[in-house]
Amino acid sequence: MGPKGPIEEMEEFVYLGSVVSTTGGIDQDVEARLRKARLAFRAIDKRLTSQIFEKATKEKIFNSSMKAVLLYASKSWSDSYTEDSRQD
């Protein structure tokens, strides 16, 4: 019993941007990261396809926004995750 009543048990929740589940798997976390990376890519898509910026500038934009979003907390993922485990 918590100070404000019973503590609710959750199947999964987000902590510091990472999905934590009772199964202990990383599938939900990887899928959430991919969704966030897609959103980040849509936000910078016009800059990456623009003729105004040089390739080096586009690479810096990509590395600073896309890679950061996609790879955040990835060191805590197990090596057992494979592309086959995704349910598309």
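With a Cα cut-off of under 27 Å and a minimum spacing of 8 residues unless on different chains, the lysine pairs in region 1-77 number 15.
When you count the other C-beta atoms within 10 angstrom of each residue and take the mean per peptide, 52-60, 32-40 line up highest first as 32-40, 52-60. Equivalent-ellipsoid semi-axes for region 34-76 (Cα gyration tensor, √(5λ), whole Å, largest first): 22, 12, 5. Subtracting the Cα-Cα distance of residue 10 and residue 39 from 0.36 nm times their residue separation leaves 7.8 nm of extension gain.
No lab work stands behind these numbers, since they all come straight from the coordinates. A quick note: this is a predicted structure, and the numbers were derived from the prediction, not measured. In this analysis, Cβ positions are derived from the backbone assuming ideal geometry, glycine residues included, and neighbour counts consider all displayed protein chains.
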